[in-house]
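Right, one structure below, let's go through it.
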């Protein structure tokens, strides 16, 4: 994470006062780019897609493989530096895989969103779904967390981060869980319109 912070601060310094929207992708291995090259992960691909579309943005990777929502909450303040405009919050998959109580997941995400809003940072919430093997009761408690928190805090929601990728062998690594480069491109393609809308809202808020 020290390398991440150095990269972010270097990028900010290099911007030299530009109007760039500074985005932090805060999450777990899905955000970190598990087993992918430095230019193949979600944040790098999102940066490329937004730049190609003419957006002045800087996307920093604050993903840590294995993180639960408790881990994310514990490192939130130092993982999201001052000057951040937007956080794409993607956490909860490891909570579900470990069978952590959905009440804990909900409370952690709720606290993270509230803390970021207190700092004046916009949030795009990336939703997650419980794996089927956790059973219907767990799914019924876990899956509504994201839409309900998005409604509570009035933040944009991408309902399922792995939409179109989960359970699709050609888009996953050999472990059957993490996206390969083609899968990452599919994730970026799916979430890009909402990210673009959120960037526009951030710029609009700056002018107020």
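Please report the relative contact order for the chain, taking Cα pairs under 8 Å with a sequence separation of at least 6, and give it as a percent rounded to a whole number.
Values: 329 pairs, mean separation 42.3, N = 208.
Rounded, it is 20 percent for the chain.
7 Å from Cα along Cα→Cβ at both residue 163 and residue 115: what's the point-to-point distance in nm?
Once both label points are built, they end up 2.8 nm from each other.
Once the Cα atoms of helix 42-52 and of the chain are each reduced to a long axis, what angle between those two axes, in degrees from 0 to 90 to the nearest 10, is obtained?
The answer is roughly 40 degrees.
For segment 10-145, rounded, prolate or oblate, judged on the Cα gyration tensor with a ≥ b ≥ c (square roots of eigenvalues), a/c < 1.5 rounded, else prolate if a/b > b/c?
Note, shape of segment 10-145 comes out prolate.
Which of 151, 49, 20 moves the most in a Gaussian network model of the chain with Cα springs under 10 Å?
Looking only at 151, 49, 20, the biggest GNM fluctuation is shown by 151.
Using a Gaussian network model on the chain with a 10 Å cutoff between Cα atoms, which of 54, 99, 176 fluctuates the most?
Taking springs between Cα atoms under 10 Å, the residue moving most is 54.
Given contacts defined as C-alpha pairs under 8 Å and at least six residues apart, what's the relative contact order of segment 79-192, whole-number percent?
Rounded, it is 22 percent for segment 79-192.
Could you work out how far helix 2-15 tilts from the main Cα principal axis of the chain, as a 0 to 90 degree angle to the nearest 10?
40 degrees
In degrees between 0 and 90, to the nearest 10, how far off the longest principal axis of the chain does helix 181-206 point, with axes built from Cα atoms?
50 degrees
Taking segment 24-74, how much of its Cα-Cα pair set, in percent, is spaced more than 17 angstrom apart?
Counting every Cα pair in segment 24-74, those more than 17 Å apart make up 36 percent.
Could you work out how much longer the chain between residue 39 and residue 152 gets when fully extended? Use 0.36 nm per residue separation minus the Cα distance between them, nm to one decimal.
Extra length available between residue 39 and residue 152 comes to 37.2 nm.
Based on DSSP H runs of at least 4 residues, each adding -39500 (n - 2.57), what is the mean residue ellipticity at 222 nm of the chain after dividing by all its residues, to the nearest 500 deg cm²/dmol?
Numbers: 9 runs with 104 residues, N = 208.
Helix contribution divided over all residues of the chain: -15500 deg cm²/dmol.
All of the numbers you see were taken from the coordinates with simple rules; none came from a lab. Being a predicted model, the structure only gives us computed values, none of them experimental. Neighbour counts run over all protein chains shown; Cβ positions are idealised from the backbone, glycine included.
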